[in-house]
1. Using the structure shown, decide if TYR124 is closer than 30 Å to MET295 by Cα and in contact (Cβ under 8 Å) with a residue 24 or more places away in the chain.
2. Filter region 1-46 for residues that are of a type in the set (Ser, Thr, Tyr), at pLDDT 50 or above and part of a loop (DSSP other than H, G, I, E, B) and give the result.
3. Among the residues of region 278-324, how many are in a helix (DSSP H, G or I), among the charged types (D, E, K, R) and farther than 16 Å from ASN227 by Cα?
4. What single numbered condition from (1) farther than 26 Å from LEU198 by Cβ; (2) part of a helix (DSSP H, G or I) fails to hold for VAL330?
5. So, in region 201-234, exactly how many residues are out of contact with any helix residue (DSSP H, G or I) (no Cβ under 8 Å at 6 or more places or on another chain), in contact (Cβ under 8 Å) with a residue 60 or more places away in the chain and hydrophobic (A, V, I, L, M, F, W, C)?
6. Does GLY273 meet the test of being crowded, with 22+ Cβ neighbours inside 10 Å and either modelled with pLDDT under 95 or small (Gly, Ala, Ser) (or both)?
7. Just need a number here: residues in region 47-81 that are farther than 30 Å from LEU103 by Cβ and not in a helix (DSSP H, G or I).
Amino acid sequence: MTDSELPRLGFDRGVKNPAVGSAGAPTKILFVIGSLEVGGAERQIVELCTRLDPARYAPAVVTLGSAGALAPLLERREIPVFPLSLSSANTQRRVLHRALSALRATRGLRALIGRFDPQIVHAYLLESAVVAAAARPRPRPRLVIAKRALVESIAESSFFMPLVRFANARADVIHVNSQAVAEDVVRKEGAERAKIRLTYNGVDTARFRPAAERPWRPATRVGMMANFIPYKGHGDVFSAFALLATRFPALELWLWGRFGPMVPELEASAVRGGFRERVHFQGLTEDPAAAYRQMDIFVSASHEEGFSNSILEAMACGLPVVATQVGGSVEQIEADRSGLLVPARRPSALAGALARLIDDDRLAERLGQEARRRIAERFSLEAMVVATSRLYDELLSSEV
């Protein structure tokens, strides 16, 4: 990608290439991610960009691939989004093709950094972190790598782990969203503990809130908000449903998330179990808050989880939550107080916890109320924005 091919960036906000530390000039922050398709990390970037103080920060987003469905939410707020259209963290291409595309993305991002001079580059997820680490000249801009997931699959890859270690070594800060992720990157990636900063994800409690009145329904709806990828545990939820279907004939399963190759097999398993008409595949939603209000119980069956945004959102909506005891989920939920925790890959345990809530309305109501209280106290969006702003200030005012 040559300089003439670069997108015309519009994030000067009235300031022509301010130098680092210029009085009155907002700090330019360039976020880098694979795309802005619907997902947890992607939504966190949107929430953060739209709530940073515009007098102090001028954010922009560069996507390695296409812009994605969430891009208009930023563009409507005059926050630029610039797709390099070269690679995407969501693709399942061969390793060689991904590597070649990442090299092209590195050239494009390096040209953008050199031309528009951001003070901070904040890269999310694996490929974006590697590209940003390779593209960024040292010592400026400062580089923040955001870790949002555990590294179960990466740790076993002879190809990706050296790239991860390279990115970690070049980063000024490794920004994690749970203690579980922090321990994972130290133990499995060999990251320097001194570089790690923890900021929990936050949720907009005004948007994600309980319904004014809980609607009466002829059925109990167990809901799930997760893209259809294997580690999210949809198969375990279907196995648990099969154990409950006869005992609770009014039980239904409502599923939101991006469809994937596993959907036909899930449908086939529901047909074999005789409950296909009680399973509702809703797909992606532009209004997840409304989707949560259609649920009575929320379930997260992930086999690994850095820190689940869907759990935060469901708790903020006052839903009783059943979640697997993995990663950062145990930091979100106080067991038997603000939700129920069960072992991963154990459909019978999942079924047992769901049965407890279906049988005991008072327990379900108490857990939902405590879940809402915990989110308001510990995991608000305002707290996340304040903590991240402090991180940026620390980066620019001292050596990290």
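1. Values: closer than 30 Å to MET295 by Cα: no; in contact (Cβ under 8 Å) with a residue 24 or more places away in the chain: yes.
Considered against the rule, which asks whether it is closer than 30 Å to MET295 by Cα and in contact (Cβ under 8 Å) with a residue 24 or more places away in the chain, TYR124 comes out as no.
2. SER22, SER35
3. Taking region 278-324 and keeping what is in a helix (DSSP H, G or I), we get 278, 288-292, 309-316.
With among the charged types (D, E, K, R) added as a condition, the list becomes 278, 313.
The next check asks that each one be farther than 16 Å from ASN227 by Cα; those that pass are 278.
Count: 1.
4. Checking VAL330 against (1) farther than 26 Å from LEU198 by Cβ; (2) part of a helix (DSSP H, G or I), the one that fails is (1).
5. Qualifying residue count for the region: 1.
6. Details: crowded, with 22+ Cβ neighbours inside 10 Å: no; either modelled with pLDDT under 95 or small (Gly, Ala, Ser) (or both): yes.
Taking the combined requirement at face value, the residue does not satisfy it.
7. Residues that pass the stated criteria total 9.
For (1) buried (at least 21 other Cβ atoms within 10 Å of the Cβ); (2) at pLDDT 90 or above, each residue gets a yes or a no:
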position	(1), (2)
ALA58	yes, yes
GLY65	yes, no
GLY68	yes, yes
GLU75	no, yes
LEU84	yes, no
LEU100	no, no
LEU103	no, no
LEU112	yes, no
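The values are calculated or read from the model by the stated rules, or taken from the named source; none is laboratory data. Bear in mind that the values here come from a model prediction, so they are computed numbers and not experimental data. Please note: Cβ atoms are built from the backbone with ideal geometry, for glycine as well, and neighbour counts cover all protein chains shown.
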